[in-house]
1. Arrange the peptides 124-136, 35-47 so that the one whose residues have, on average, the most other Cβ atoms within 10 Å appears first.
2. Between Ser179 and Arg38, 0.36 nm times their residue separation minus their Cα-Cα distance comes to what?
3. Which whole-number percent gives the relative contact order of the chain, counting Cα pairs below 8 Å spaced six or more residues apart?
4. When the Karplus curve 6.51 cos²θ - 1.76 cosθ + 1.60 is applied with θ = phi - 60°, which whole-Hz ³J(HN,Hα) does each residue of region 69-80 get, with x for Gly and Pro?
5. Along Cα→Cβ, 7 Å out, is where each label goes; now give me the distance between the ones at Arg329 and Glu360 in nm to one decimal.
6. Based on the mean of other beta carbon atoms within 10 Å per residue, what is the order of 391-397, 16-22, most packed first?
7. Aspartates and glutamates near Lys441 by alpha-carbon distance under 15 Å, same-chain residues fewer than 8 away left out - which ones?
8. Once label points are set 7 Å from the Cα along Cα→Cβ at both Thr305 and Asp190, what is their separation, rounded to one decimal in nm?
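Every number in this text was worked out from the coordinates using simple rules, so none of it is lab data. Just so you know, these numbers come straight off a predicted model, no measurement behind them. Here Cβ is always computed from backbone atoms with ideal geometry, including for glycine, and neighbour counts include all displayed protein chains.
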Amino acid sequence: MDVTALKADLAGLKIEDNPAIIQQKSRDFYWYSPVLKRQLEHVTGDIVVTPKSEDEVIRVLAACHRHGIPVTPRGSGTGNYGQAMPLSGGVVLSLAELNQIGNIAPGRVTCGAGAILADIDRATRAHSGQELRMFPSTYNTASIGGFIAGGSGGVGSIRWGGLRDLGNVIRLRIVTMESAPRVMELTGEDVLKVMHAYGTNGIITEVEVPLTAAYDWVDAIVGFDDFMQAARFGNLMAIQDGLLSKLITPIAAPVPYDYFKRHQKFLRRDQSVVVLMVAAHAMDAFAALARRSKGEILYRSDSATEAEAKGLPPAYELTWNHTTLRALRVDPAITYLQTRYPSPDHLGHVEAMVKRFGDEVPAHLEYIRFDGEIGAAGLPLVRFTSEDRLDEIIRIHEDNGCWIFNPHRYTLEEGGMKQTDEVQLAFKREVDANGLLNPGKMIAWENPAYDYRSGKPFLFKGLQS
Ligand SMILES: Cc1cc2nc3c(=O)[nH]c(=O)nc-3n(C[C@H](O)[C@H](O)[C@H](O)COP(=O)(O)OP(=O)(O)OC[C@H]3O[C@@H](n4cnc5c(N)ncnc54)[C@H](O)[C@@H]3O)c2cc1C
């Protein structure tokens, strides 16, 4: 890999070659997983390049194609499974400066792939009282391009489903990895070719996403003596067609008390809670439902005193993978899983796992819409002892019909689909025939004969060097 020749070809562009900064920009939040921590700790790129425009992206890809040097795109590096980590070294391509927020129209906004989600919302709210349909709990740091290429859903998924659902991304503009890189516009179902593909088959430079009406959201926390009571209340809130909410998150005791330090003053250690974002106009209906469910409203941001609210993080930063982050800050032996409890009996599946694992796997649900129905996803915490026990916990979930999206794997297939996405594989052949985009993340590209049924973790050859 002749990085010196590449740097000469890219003269004038923003290039970082300080090893410490390169290492930092070669990492994401992979350390949530003790497995990925062991496997990826040494991974680093050779240089970091930060283009200011799409033309500069094209120049970088053309030069890297010429020199046969891998390129791993990076938004803000908040992914959890090493998605933005350059397993074969090469160029870390930061899209952070493609952050323009362009055309805002009724129901849609166009912006650069590097635009931060919270910045987009600030602009669309100010422009026309509109907001993004959904965002990850890393709302204040993550980029829209990284969300689309590596995320799945989040706050708002209770109303709009996940990124996988058609219509949640309107258009993507990508640059291909070829000797003369092309710019392609993808719309309709074609956006799925690049979505959640970890940047393995195209660099997103611009996105167009739908907007919805913006509301004043009230943060609320409701306490329950028993986790399944909290889970049932969450489900009851989720099925209310007339009660507008954006976030419904049941979390088992003692997680909230032990790890949500700023909110501890409102909580008892034996209380499970439901963390919510509810539209201001729906608060009376919400309060009535909480009373009916014998829940204790512990906190409401619309009635908290200034002193009570001072320094509190937003409710969404207690949920999704922020729950895990807050736990890890207190107890480094914590890790997590990503689950889905099949409907319609999702509560039955949840209860079975709660009874089976107790406090070894403290429960954490996220209510979402899934294929037109209310469903329960989960990011249960795990009190980690060994990789064998972790795999056993995963197996027991799967044996009980629960889906596991394994966050302890860095490949697309093992992390989610457990099969090849033929559409994405075919598109990769078309736009990155030399396999230089984020190598090692698509097993079907690296080793088409790989048998997923073995369950043995895939080890990318590039990692062995
Ligand atoms: C505390 C915490 C909470 C989280 N909560 C959520 C959540 O609620 N929902 C959720 O879905 N995720 C969540 N995540 C994961 C992550 O934050 C999100 O997926 C986020 O949207 C990723 O954005 P990013 O800009 O940081 O992407 P990065 O981590 O930089 O990249 C993610 C993937 O996309 C690729 N990529 C980045 N930019 C581009 C581009 N322009 N073109 C092509 N490929 C690109 C990268 O190569 C990588 O494979 C959480 C993570 C943490 C640490």
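1. 124-136, 35-47
2. Fully extending the segment from Ser179 to Arg38 adds 47.2 nm.
3. It rounds to 15 percent for the chain.
4. Values, residue by residue: 9, x, 10, 10, x, 9, x, 10, x, 9, x, 10 Hz.
5. That separation, rounded to one decimal, is 2.9 nm.
6. 391-397, 16-22
7. Asp28, Glu413, Glu414, Asp421, Glu422, Asp432
8. 6.0 nm
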